[in-house]
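A short reminder: the numbers here are calculations on the coordinates, not readings from a lab. In this text the structure is predicted, and so the values were computed from the model without any measurement. Here the Cβ positions follow ideal geometry from the backbone for every residue, glycine too, while neighbour counts run over all protein chains shown.
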Amino acid sequence: MKCLKCHSTQLEVTNSRKKDFQVWRRRKCKHCGFTFTTNEYVDAQKLLQLQESSRKKQLSPYNRGTLLGELYIALSHKAEASPLTLLETVEQTLLRRSATNNFTVTHSQLHETVTEVLERYDTLAALNYAARARATAN
Ligand SMILES: [Zn+2]
């Protein structure tokens, strides 16, 4: 890692926080004093796999772009919403819940998790999402 301002490699970590599959670090350049924040997290896109259902074993890759699009649509009535932040919460929850199952989640587990995260944030967004998920499943 280099300083964003002067490109020195003399950086120190002044603060850090760990949360499940994520590490947040405050870094300070010893050369010019510039400070910035980095986030290190597990790439859910590469790790998570989707299973059609608990009976159908066929796997498909998890697509974070698709889910982000769904979150944007579900939150479209709320201008101040941050779909990307909610996506990170959903992914952290999915990683935690699927760790004992080789990071494999069924479509219904994915939908339940997204709905849960949205419900804590905004009831209408959760209803929007659940209605669309049900419509596309049928
Ligand atoms: Zn610097």
**Prompt:** Using alpha-carbon pairs under 8 Å, 6+ residues apart, how would you state the relative contact order of the chain in percent?
**Reply:** 16
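Rounded to the nearest 500 deg cm²/dmol, what is the calculated helix-only ellipticity per residue at 222 nm for the chain, with -39500 (n - 2.57) per DSSP H run of length n ≥ 4? Provide the component values of the computation, followed by the final result.
Details: 5 runs with 61 residues, N = 138.
The helix-only estimate for the chain comes to -14000 deg cm²/dmol at 222 nm.
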**Request:** With everything on Cα atoms, drop me the angle between helix 107-121 and the longest principal axis of the chain, reported from 0 to 90° to the nearest 10.
**Result:** 60
**Request:** Between beta-carbons, use under 10 Å as the cut-off and find the net charge around Cys29, counting Lys and Arg +1, Asp and Glu -1.
**Result:** +4
**Message:** I'd like the GluC sites (Glu not before Pro) in the range 64-97 restricted to DSSP loop residues with at most 13 other Cβ atoms within 10 Å, sorted by number.
**Reply:** Glu80
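What does DSSP give for the chain in terms of the percent of beta bridges that are antiparallel, rounded to the nearest 5? Intermediate values should be presented prior to the final figure.
On the way: 18 of 21 bridges.
Restricted to the chain, the bridges split so that about 85 percent are antiparallel.
How many percent of all Cα-Cα pairs in the range 88-132 sit more than 11 Å apart?
63
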**Request:** Compute the length gained on full extension between Thr14 and Lys2: take 0.36 nm times their separation in residues and subtract their Cα-Cα distance, giving the result in nm to one decimal.
**Result:** 2.8 nm
**Request:** For helix 123-137, report the angle its Cα long axis makes with the longest principal axis of the Cα atoms of the chain; keep it between 0 and 90° and round to the nearest 10°.
**Result:** 60
**Asked** Between the range 77-138 and the range 25-40, what's the alpha-carbon centroid distance in Å?
**Response** 33
**Request:** Could you compute the FRET efficiency for Ser76 and Ala137, with r as their C-beta to C-beta distance and R0 at 25 Å, rounded to 0.05?
**Result:** 0.75
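Go through the range 45-92 and name the trypsin sites (Lys or Arg not before Pro) that are in a DSSP coil and have 10 or fewer other Cβ atoms within 10 Å of their Cβ.
Arg55, Lys56, Lys57
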**Item:** For the chain, convex hull volume per residue from C-alpha positions, Å³
**Value:** 134
**Item:** Additional length obtainable on full extension of the chain from Asn39 to Leu84, 0.36 nm per residue less Cα span
**Value:** 14.8 nm
**Complete:** Lys pairs in the chain with Cα under 16 Å (8 or more apart in sequence, or on separate chains) total 4
